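A.B. asks: I'd like to ask some things about the structure below.
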Amino acid sequence: MQIPVNKNSLASALTALGKLVSRTSLIKAYQGIEIEGKANMLYFRTRNVIEQIEFRLFADLEDDFPAILVEFEQFRQMVRSCKNKTLKLEIDCGEVFIDDVKLAPIKGHFPLKEQIPDQDITVTELPADTLSALSLLAPITDKGTDVRKVLGGINISEDGFTATNGKELSNIPLKLETTGSVTIPFPLALLATKTFGDSGRLSTWQKDEDTHFELTLGAWTWQAKALKGNYPNWKRVVPERTEATHYVSFQEDRAERLQRYLKSIPDDKEHNNAVKLSRLPEVPDNLHLESSNGMLFSILAEFDPNWNDLSFCVRKEFLLRLLDAGHRKIELNDAFGPIVGTGGSGQYIAMPIITKKPQAQNEQNSEQTASAQADVKPEVQTEQNETQSSTENSKSVTEQIPPQPQENKITVTNTNLNKENSTMNEPTTIRTVSAMQTFTPNNEPANPLDELTSKIEGMKNALKDMIEEVTAMSRKIREVSIAQRQKDREYNQTKRALDRVRVATGAA
């Protein structure tokens, strides 16, 4: 039986299907793709130990055929190498051929697909912008956590979609008619489907002690186990709107300029990629930004009347995610409380980098200095007073250096999401630090997505430099070629002139 299949549709689907293929698995079935034909539909499935994803493609079938398992890498390579827009898929006696080339079969079969029960099931209709919301929340999940794995997923409830990693939180309030909540794992394969604008359905049910779900979106069906554990009561982290006494807002075109500036800042993990936001008295209509490596930038913005000399530090990743969600307004209470991004998709909350005050150490040092001065002789004390006055003058200079910032975290618990921090309510004390210790190193693990983005940007810059060098070399080659041709012309002209002289003089 020969089945014509659109190559582009199948090739794009294989990108998402390949996200769940376990290429190094000892179970050969997990290295393959399952193909089944039923009711004029072709089903392509891949899976790993805990997840399965299925793609449906309409086809004109003569007869139904049972599931056949073939090697995924060979199947994808054959689809990509097809030169026609329509490839010829042939099924013959349990064997699969693409353009008359037989594919390597795999013995065995996938575990049976989890069947949805007839009762005790919760069905939730998903709006058309579901995948867009998931793509915005995916970078905020805590994928590296081993203590609270529930934070590595995205929570779906009647309040919409929510994700948090303890330092930042985002909620997109989609209209969902559901009871309870379910936390789905990181939707890697579903994001690769790129089914933006398709509505869907979420079905959840209980089996033994596990919660299973099936998420249907367009031509895709994703089935897996929900993450165990109670998702934190994130609403306690969200500050009241009445507490936001300060705000700064900017227009769409200036937000695009701000994004380009933030992406151009090189990574500085030692200083937490800190960016300081402030309002300079010289240009009160501009939002001034300064990165940890000294890169300056400013855009025209609108401030609240009581902003004055307020300034705060935030990681550049937080600002980028705030802008990616379409937020154009930042609200906050002071430099130590959470910042809230509004105006875009839902609301985005992040903690700034705040200053710890070593008050006890300063008091101890002052006591030691006072006791030392009380024990010296009068004539020695006079010299020491002069030395102390010079030391105080140097301190007055060093005290102008910004204090060491450390990153505060949003602490999320089942009973109480503590947004309070002991340093947020204490009076600020600036300590003397050296100019090389403006920021406190943070040895927290790097976000893989941020590292990948940084590497991609580095590769782009390297490629740009290489292209510029190739262009310069091509220009030099053309210049050398032109100069060589000019020398050849001069040589030929001189040769012809010498020949005419020899002919005129009768020389042999």
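A.B. asks: Nothing charged except the Cβ atoms of Lys and Arg (+1) and of Asp and Glu (-1): what's the magnitude of the dipole of the stretch 67-149 about its Cα centre? Round to the nearest 20 debye.
C.D. replies: Details: 11 positive and 14 negative charges, 86 e Å.
Dipole size: approximately 420 debye.
A.B. asks: How big is the C-alpha Rg of the stretch 194-266 next to the rule-of-thumb value 2.2 N^0.38 Å, as a ratio? Could you put the intermediate results ahead of the total?
C.D. replies: Numbers: Rg = 20.6 Å, N = 73, 2.2 N^0.38 = 11.2 Å.
Dividing the Cα radius of gyration by 2.2 N^0.38 Å gives 1.83.
A.B. asks: Could I ask something else about it? Round to the nearest 0.05 the FRET efficiency obtained for K175 and K107 when R0 = 60 Å and r is the Cβ-Cβ distance.
C.D. replies: Numbers: r = 48 Å, r/R0 = 0.79.
E(calc), rounded to 0.05, equals 0.80.
A.B. asks: Report, largest value first, the span of the C-alpha coordinates of the stretch 120-269 along each principal axis, in whole Å.
C.D. replies: 50, 34, 33
A.B. asks: Another one. Considering only DSSP states other than H, G, I, E and B, which GluC sites (Glu not before Pro) in the stretch 57-165 qualify as loop sites with at most 11 other Cβ atoms within 10 Å? All intermediate terms of the calculation are to be shown ahead of the outcome.
C.D. replies: Working: sites: E62, E71, E73, E90, E95, E114, E125, E158; in loops: E62, E114, E158.
Answer by residue number: E62.
A.B. asks: OK, next. Take the Cβ-Cβ distance between S474 and L280 as r, set R0 to 51 Å, and report the resulting FRET efficiency rounded to the nearest 0.05.
C.D. replies: Working: r = 46 Å, r/R0 = 0.89.
Here the calculated transfer efficiency is 0.65.
A.B. asks: Could you give me D for the stretch 45-120, from Stokes-Einstein at 4 °C and 1.567 mPa s, where the hydrodynamic radius is the Kirkwood radius over C-alpha pairs? Units µm² s⁻¹, please.
C.D. replies: 88
A.B. asks: Evaluate the distance, in nm, between pseudo-label points positioned 7 Å from the Cα of S199 and of M459 along their respective Cα→Cβ axes.
C.D. replies: 3.9
A.B. asks: Shifting gears a bit: When all alpha-carbon pairs of the stretch 259-301 are counted, what percent fall beyond 15 Å? Walk me through the intermediate numbers first.
C.D. replies: Working: 369 of 903 pairs.
Cα-Cα pairs of the stretch 259-301 separated by over 15 Å account for 41 percent.
A.B. asks: Between T245 and M466, what is the label-to-label distance in nm when each label sits 7 Å out along the Cα-to-Cβ direction?
C.D. replies: 5.5
A.B. asks: On full extension of the chain, what length is gained from R257 through V123, given 0.36 nm per residue of separation minus the C-alpha to C-alpha distance? Mind dumping the intermediate values first?
C.D. replies: Values: separation 134, 0.36 × 134 = 48.24 nm, distance 4.29 nm.
Extra length available between R257 and V123 comes to 43.9 nm.
A.B. asks: Ok, one more. Using the structure shown, list the pairs from K464/K487; K149/K175; K7/K38; K175/K228; K28/K88; K85/K460 with a Cα-Cα distance above 29 Å, or answer none.
C.D. replies: On the way: K464/K487 35 Å; K149/K175 26 Å; K7/K38 20 Å; K175/K228 24 Å; K28/K88 26 Å; K85/K460 32 Å.
Violating the 29 Å limit, Cα to Cα: K464/K487; K85/K460.
A.B. asks: Moving on. Amide H to amide H, which residues 5 or more places from V96 or on other chains are under 5 Å from it, using H placed in the peptide plane?
C.D. replies: Counting only residues 5 or more places away or on other chains, the set is L103.
A.B. asks: I need the trypsin sites (Lys or Arg not before Pro) found in the stretch 226-320, filtered to DSSP loop residues with at most 14 other beta carbons within 10 Å of theirs. Before the final figure, lay out each step's value.
C.D. replies: Values: sites: K228, K235, R236, R241, R254, R257, R260, K263, K269, K276, R279, R315, K316; in loops: K228, R279.
Qualifying residues, ordered by number: K228.
A.B. asks: Now, a different point. Compute the length gained on full extension between D304 and T505: take 0.36 nm times their separation in residues and subtract their Cα-Cα distance, giving the result in nm to one decimal. Intermediate values should be presented prior to the final figure.
C.D. replies: On the way: separation 201, 0.36 × 201 = 72.36 nm, distance 9.71 nm.
Fully extending the segment from D304 to T505 adds 62.6 nm.
A.B. asks: Using 1/(1 + (r/R0)^6) with R0 = 60 angstrom and r between the beta carbons of Q77 and E490, what's the FRET efficiency to the nearest 0.05? Walk me through the numbers before you get to the answer.
C.D. replies: Numbers: r = 57 Å, r/R0 = 0.96.
After rounding to 0.05, the efficiency reads 0.55.
A.B. asks: So what is the diffusion coefficient of the stretch 61-166 in µm² per second by Stokes-Einstein at 10 °C and 1.306 mPa s, using a Kirkwood Rh over Cα pairs?
C.D. replies: For the chosen part, D equals 85 µm²/s.
A.B. asks: Further question: Please work out how much length the chain gains when fully extended from N8 to K225, using 0.36 nm per residue of separation minus the C-alpha to C-alpha distance, in nm with one decimal.
C.D. replies: Numbers: separation 217, 0.36 × 217 = 78.12 nm, distance 3.11 nm.
Result for the pair: 75.0 nm of gain on full extension.
A.B. asks: At 1.4 Å probe size, what's the solvent-accessible area of S454? Round to the nearest 10 Å².
C.D. replies: Looks like 50 Å² after rounding.
A.B. asks: Given the C-alpha centroids of the stretch 121-160 and the stretch 19-64, what is the distance between them in whole angstrom?
C.D. replies: Here the two parts' Cα centres lie 25 Å apart.
A.B. asks: For the stretch 229-299, which GluC sites (Glu not before Pro) are both in a DSSP coil and crowded by at most 12 other Cβ atoms within 10 Å?
C.D. replies: On the way: sites: E240, E243, E252, E256, E270, E282, E290; in loops: E240, E282.
Those that pass, being in a loop and sparsely packed, are E240, E282.
A.B. asks: Another question, if that's okay. Between K235 and L296, what is the label-point separation in nm under the 7 Å Cα-to-beta-carbon projection?
C.D. replies: In this crude spin-label approximation the distance works out to 4.7 nm.
The values are calculated or read from the model by the stated rules, or taken from the named source; none is laboratory data. Keep in mind that this is a model prediction, so the values were computed, not measured. Methodologically, a virtual Cβ is constructed for each residue, glycine included, from the backbone with ideal geometry; neighbour enumeration extends over all protein chains shown. Side chains are part of the model used for accessible areas, which takes the heavy atoms of the whole protein and leaves out ligands, DNA and RNA. Shrake-Rupley method; radii C 1.70, N 1.55, O 1.52, S 1.80 Å.
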